[in-house]
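First up is the structure itself, then whatever we jot down about it.
The values are calculated or read from the model by the stated rules, or taken from the named source; none is laboratory data. The model shown is predicted, which means the values in this text are computed figures rather than measured ones. With ideal geometry, Cβ positions are generated from the backbone for all residues, glycine too; neighbour counts draw on all protein chains shown.
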Amino acid sequence: MTTLQTASPPEHEPTRARTRPRPRVGDLVFRWLTTTAGMVVLGVLVVVTGFLLVRAWPALDRAGTRFFTETRWFPDTSPPHFGVAALAWGTLLSSALALLMAVPLALGAALYATQYARPVVGRWIGYLVELLAAVPSVVYGLWGVLFLVPRLGGLERWLAHNLGFIPLFHDPNDLYGRSIFAASVILALMVLPIIAAVAREVFRQVPDETKEAAFALGATRWEMIRTVVLPFGRSGVIGATVLGLGRALGETIAIALVLSATFDVNLHVLQPGGNTIAANIATKFGESGSGGREALIASGLLLFAITLIVTLAARVLVTRRARLLEELAHP
């Protein structure tokens, strides 16, 4: 009866080491630099949040819950009367109207540049659209108050006379000028290049094989865009829209120049007046006392919170959609 013996490796063959290879110096340095950069960004966010909380707390303590319901802005009087109800309303309303105008135009420009135009023409269209992002906001504001607002009267009257049954376009006083609608048009022009640039890059990444497969199945160009390009770039379009919304929420100088600042919650966007949180901070900060500056910082804290909540909500939406698509692809 023979006994099976395990063959031992020859003495001249070295035993393989099962330890991980020693990282190189370049890898360690790069990892340290990227970690430091991430921590610096997080640290800046924490510092800004802490500064706003500390400097805004005295104003929030004085106002109490009226800070979120009061429409007047007299923080330096005795007793003080100030709140962000009107400012928050103007900020959200003007930003929402700007997105309603900018997103369709931006997506149309991005789709034409990537799916319809020749490559050379598409590149030049992209360059020209991106040039709009380089224009300073003060230039937009000056152009808006001196050129656009005087020429918007005809459009505003047409909207009031033909769509006045909608509360948004109803103008009982028949007054037109430096209104929320005019500010929204300026904001739409300012956020359009951001949304269009991001959407164009997303649409360019659609695989050619997928588009050709749609054409091979008999789809028209619009059907190919609707079934292939738009679903592929939906997450990117959401991200582009959120970037545009962040720009619209925080815009300051252009809105301060265009709006005829008032402190009221008004649904009629064609009437002169309205205000936003950022524009109010820019116009009131220099002339305010210590109590007024604390109140302005408190309003800035609210704007910071609104922007952060919107960004996180969009991130959650994109993540859930990506997870759903992955589950459908790999059940």
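Listed values, structure above:
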| item | result |
| --- | --- |
| Residue match in the stretch 87-107 (condition: over 17 Å from residue 306 (Cα atoms), more than 23 Å from the chain's Cα centre (by Cα) and either of a type in the set (Val, Ile, Thr) or assigned to a helix (DSSP H, G or I) (or both)) | no |
| Where a residue in the stretch 56-85 is touching a residue at least 24 places away in the same chain (Cβ under 8 Å) and its partner, wherever it lies, is among the polar types (S, T, N, Q) and assigned to a loop (DSSP other than H, G, I, E, B), with Cβ under 8 Å and at least six apart | 75/288; 76/288; 85/69; 85/71 |
| Verdict on residue 215 being assigned to a helix (DSSP H, G or I), surrounded by 20 or more Cβ atoms within 10 Å (Cβ to Cβ) and modelled with pLDDT of 85 or more | no |
| Residue 209, sole failed condition from (1) surrounded by fewer than 15 Cβ atoms within 10 Å (Cβ to Cβ); (2) in contact (Cβ under 8 Å) with a residue 12 or more places away in the chain | (2) |
| Flag if residue 319 is farther than 24 Å from residue 74 by Cβ, among the hydroxyl-bearing types (Ser, Thr, Tyr) and modelled with pLDDT of 85 or more | no |
| Hits in the stretch 102-135 (condition: surrounded by 17 or more Cβ atoms within 10 Å (Cβ to Cβ) and out of contact with any Leu (no Cβ under 7 Å at 6 or more places or on another chain)) | 103, 107, 109, 110, 111, 113, 114, 115, 122, 125, 126, 129 |
| Unique residue being buried (at least 22 other Cβ atoms within 10 Å of the Cβ), in contact with a Leu (Cβ under 6 Å, 6 or more places away or on another chain) and hydrophobic (A, V, I, L, M, F, W, C) when the list is 256, 183, 188 | 183 |
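Yes or no, residue by residue, for (1) assigned to a helix (DSSP H, G or I); (2) closer than 23 Å to residue 96 by Cα; (3) among the polar types (S, T, N, Q):
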{"residue": "149", "(1), (2), (3)": "yes, yes, no"}
{"residue": "176", "(1), (2), (3)": "no, yes, no"}
{"residue": "182", "(1), (2), (3)": "yes, yes, no"}
{"residue": "192", "(1), (2), (3)": "yes, yes, no"}
{"residue": "206", "(1), (2), (3)": "no, no, no"}
{"residue": "211", "(1), (2), (3)": "yes, no, no"}
{"residue": "222", "(1), (2), (3)": "yes, no, no"}
{"residue": "227", "(1), (2), (3)": "yes, no, yes"}
